[in-house]
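Report on the following structure.
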Amino acid sequence: MTQLKSTQLGSNCGLRVSELCLGTMNFGIPGRGHQGDWTLDVDQARPIFEAAIERGLYYFDCADVYGVGASEEVVGQLLRELLPREKYVLTTKVSMPMGRNPNEGGLNRKHIIEGVENSLRRLGVDYVDQIVIHRHPHGIPGSVETPITESLEALHDVVKAGKALYLGGSSMFAWQFAELQLTAEMRGWTKFVSMQNHYNLIYREEEREMNPYCARTGVALTPWSPLARGILAGSYQGGLEAGTTDRSQGQDRARTESLYRGERDFDIAARVTEVAKRLDVRPAQVALAWLVNKPEITAPVVGVSKISQLDQLVEATMIELSPDDTVYLSELYQPVENLLTLGTS
């Protein structure tokens, strides 16, 4: 059985994580939340968590908004059942709206403090290893533009209170992330040690600024959607109208359509399948190998609904693509409009 290696979460902290992070969006209460039509309940999720732990995966990524809190409840229950607290690294995210009240979302002090407390209660833990802001303070749907100093000081206070050990960021412009980091440094507040951005073979706009900035400054890159919501795994047979999974056929398909609009997306996916056949592996493994082969990438966030999928992704960390294969997979990419500009990241 292939075992995942441990790696340092960037050079700005000493925390070690498994080289894959298990995303938990699809665990919770079926029917609840925006991903409710492909959600696994606690009993369906338990074998996947057991298998992940057995394969050396001990890094788990959650968010308050997943299942409107239900994911945190399931993830917390399973981790408490299966491992002592010191054996796993747990991340959750704050900022997205959790209700209709104006202060139930955003990165103002009130919501950060209350949101973290609510997450800890749902997870059933005293602290999380990392709190990730789900977007920049000025990039949250339905939220006012909270002064970044307010957000940063509140996050610093969460860390100093021992309720989170580290901070991470998620999709934003590189200049915004640099501003957050420099402001925190000037004020003596806690800086971010990781960036969870949107990056894969068919969305590579992060190669322009965010990835180099993080690599240069020692910030860990833990990209989300490494398989482009199934496109690179073959869940869509040449077009978004041809989905073959519950996720690709359900209400979540609209989200996929909003994220992937490049003219060559399915041509690139076809090359992934071609390389996979030649190497006698699965397309998802090739797509993930392309990502983990990059030295600036720390731990992609992967989502699975079956143990067989987990096994494939764990095995993908051992695949070393040749330079020719890497070029073949990469050369069709054409720049697309940055999704942050469109406000749909």
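The values are calculated or read from the model by the stated rules, or taken from the named source; none is laboratory data. Note that the structure is predicted; figures quoted are calculated from it, not measured. Heads up, the Cβs are rebuilt from the backbone with ideal geometry, glycines too, and the neighbour counts pull from every protein chain shown. For accessibility, only protein heavy atoms count, side chains too; no ligands or nucleic acids. Shrake-Rupley method; radii C 1.70, N 1.55, O 1.52, S 1.80 Å.
Considering only residues of region 299-316 that are touching a residue at least 40 places away in the same chain (Cβ under 8 Å), over 16 Å from the mean Cα position of the chain (by Cα) and open to solvent by 50 Å² or more (accessible area, probe 1.4 Å), which is nearest to Pro223 (Cα to Cα)? Filtering region 299-316 for residues that are touching a residue at least 40 places away in the same chain (Cβ under 8 Å), over 16 Å from the mean Cα position of the chain (by Cα) and open to solvent by 50 Å² or more (accessible area, probe 1.4 Å), the one nearest to Pro223 (Cα to Cα) comes out as Glu315. Scanning region 27-51 for residues that are open to solvent by less than 10 Å² (accessible area, probe 1.4 Å) and closer than 17 Å to Leu123 by Cβ yields Phe27, Gly28, Ala45, Phe49. One residue stands out among those in region 96-112 that are within 13 Å of Thr146 (Cβ to Cβ) and more than 22 Å from the chain's Cα centre (by Cα): the one that is least open to solvent (accessible area, probe 1.4 Å), which is Asn108. Annotation: of all residues in region 185-206 being among the basic types (Lys, Arg) and not in a helix (DSSP H, G or I), the one that is nearest to Glu150 (Cα to Cα) is Lys191. Residues in region 275-282 include none that are in contact (Cβ under 8 Å) with a residue 12 or more places away in the chain and in contact with a Ser or Thr (Cβ under 6 Å, 6 or more places away or on another chain). For region 115-152, filtering for residues that are of a type in the set (A, V, I, L, M, F, W, C), within 19 Å of Gly76 (Cα to Cα) and touching a Gly at 6+ places or on another chain (Cβ under 6 Å) leaves 2. In region 93-108, the residues that are at pLDDT 95 or above and outside any loop (DSSP other than H, G, I, E, B) reach residues that are surrounded by 14 or more Cβ atoms within 10 Å (Cβ to Cβ) and aromatic (Phe, Trp, Tyr) with C-beta atoms within less than 9 angstrom, at least six apart or across chains, in these pairs: Lys93/Tyr66. Scanning region 6-27 for residues that are of a type outside the set (D, E, K, R) and assigned to a loop (DSSP other than H, G, I, E, B) yields a total of 11. Scanning region 125-184 for residues that are aliphatic (A, V, I, L, M), without any contact (Cβ under 8 Å) to a residue 60 or more places away in the chain and outside any helix (DSSP H, G or I) turns up Val125, Val128, Ile131, Ile133, Ile140, Val144, Ala161, Ala164, Leu167. The residues listed here are Lys277, Lys294; of these, the one that is modelled with pLDDT of 85 or more and farther than 20 Å from Arg204 by Cβ is Lys277. Arg261 meets each of the listed conditions (1) in a helix (DSSP H, G or I); (2) surrounded by fewer than 18 Cβ atoms within 10 Å (Cβ to Cβ); (3) modelled with pLDDT under 95; (4) in contact with an Asp or Glu (Cβ under 9 Å, 6 or more places away or on another chain) apart from (1).
Answer with yes or no whether Glu86 is free of Cβ contacts under 8 Å to residues at least 40 places away in the same chain and farther than 23 Å from Leu9 by Cα. No: the conditions fail for Glu86. Inspection of region 274-289 identifies at least one residue that is more than 20 Å from the chain's Cα centre (by Cα), open to solvent by less than 10 Å² (accessible area, probe 1.4 Å) and not hydroxyl-bearing (Ser, Thr, Tyr).
Met1 meets each of the listed conditions (1) modelled with pLDDT of 95 or more; (2) surrounded by fewer than 23 Cβ atoms within 10 Å (Cβ to Cβ) apart from (1).
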